[in-house]
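Colleague: Below is the structure I would like to discuss, written out as structure tokens.
The values are calculated or read from the model by the stated rules, or taken from the named source; none is laboratory data. All figures in this text were calculated on a predicted structure; none of them were measured in a lab. Please note: Cβ atoms are built from the backbone with ideal geometry, for glycine as well, and neighbour counts cover all protein chains shown. Ligands, DNA and RNA are excluded from the accessible area calculation, which covers all protein heavy atoms including side chains. Shrake-Rupley method; radii C 1.70, N 1.55, O 1.52, S 1.80 Å.
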Amino acid sequence: MMKKVLVGTILLGSALYASDLSTVTGEGVATFAKKEITNDKPLMYLAQNFHEMATLPSFSLGAPSGLVSSYGVAFAGISGRRDRDNTDGALALGMGFGDADKIGGAFSLGIGSIDPRDGGSFNRGNLNLNVGHHFKEYGFGWSVGMTGLDLWHANGLDGDYQDPSFYTAVTKLWANEFLPVAITAGFGNNSYADINRENDRKDKVDGFGAVAMYLHPQLSVIVDYTSNILTAGVSVVPFPDYPISLTLGATNINEQGSNDKVAAIGSLAAAYVF
């Protein structure tokens, strides 16, 4: 029998862009719930409380989520990026706090790089934080957050210091029997600003967004536009009884920025409910 409390679609945010590890974060507990055989609700519906939530595929690839976690869930994940010249990756781990139906959120630690060729493994560490509220009667969440607060970097070299990024985001869920959809939109500075801005991105603010369609409770198709970078992919929960999600895709499809190469991305994330 499926355990009732299966929580934790974990978004690694722009950790998927492993070349910009300042934005590694873990966000967003899914608030869709999957239908059980004896349940007369639609295939997927909006959970009314924390203990109804189920593990679901991700609904974003780079855009921060408007949905936040609550106390009682911890998460961890690994992500990677590969283009024709470089391979790199990042780690993230964190936990939720508060009550998202009132004020909740999550904090996480992002660690990169896992490629020793760019100065050593684990040579950057960042703190990430989000706070938000669920308007569950509307299937809607709003959050504000910070990503990439520098904790350590490249043996203390100032050239590897990165300013934190700030954002606000909303996520709207349309749960129905045929094709559930999650839409995320917001704006932020620095790593969320247009990647083609050569200088002072910390002083620039641009929009971001993502759309996810749930073809099945264990499969979502996602299109994401963050930092003027177009990303597309799929997210899968391989084992419905366990809170583990796998995401694969392609980023920089529109070939933006100085590293104007299309890259393959992937992440594996898991949650633990306590």
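Colleague: Do any strands (runs of 3 or more DSSP E) lying entirely in segment 30-149 carry at least 3 residues that are modelled with pLDDT of 85 or more, and which ones are they? Walk me through how you get there before you give the answer.
Modeller: Working: elements: 32-34, 44-46, 73-82, 87-99, 103-112, 124-135.
Filter on segment 30-149 gives 73-82, 87-99, 103-112, 124-135.
Colleague: For segment 163-179, what are the residues that are aromatic (F, W, Y) and open to solvent by 20 Å² or more (accessible area, probe 1.4 Å)?
Modeller: If we filter segment 163-179 for residues that are aromatic (F, W, Y), which is where we start, we get 166-167, 174, 178.
Matches in segment 163-179: F166, W174, F178.
Colleague: Moving to a separate point now. Which one of these does T251 not meet: (1) open to solvent by less than 20 Å² (accessible area, probe 1.4 Å); (2) among the polar types (S, T, N, Q); (3) more than 15 Å from the chain's Cα centre (by Cα)?
Modeller: Against the list (1) open to solvent by less than 20 Å² (accessible area, probe 1.4 Å); (2) among the polar types (S, T, N, Q); (3) more than 15 Å from the chain's Cα centre (by Cα), T251 comes up short only on (3).
Colleague: Another question, if that's okay. Here are some residues: G207, G233, G257. Which one is over 22 Å from F140 (Cα atoms), touching a strand residue (DSSP E or B) at 6+ places or on another chain (Cβ under 9 Å), open to solvent by less than 70 Å² (accessible area, probe 1.4 Å) and in a strand (DSSP E or B)?
Modeller: On the way: G207 fails: over 22 Å from F140 (Cα atoms); G257 fails: in a strand (DSSP E or B).
Testing whether each residue is over 22 Å from F140 (Cα atoms), touching a strand residue (DSSP E or B) at 6+ places or on another chain (Cβ under 9 Å), open to solvent by less than 70 Å² (accessible area, probe 1.4 Å) and in a strand (DSSP E or B) leaves just G233.
Colleague: Checking the condition touching a residue at least 60 places away in the same chain (Cβ under 8 Å) and surrounded by 13 or more Cβ atoms within 10 Å (Cβ to Cβ), which residue from I183, I195 passes?
Modeller: On the way: I183 fails: touching a residue at least 60 places away in the same chain (Cβ under 8 Å).
Every option except I195 fails the conditions.
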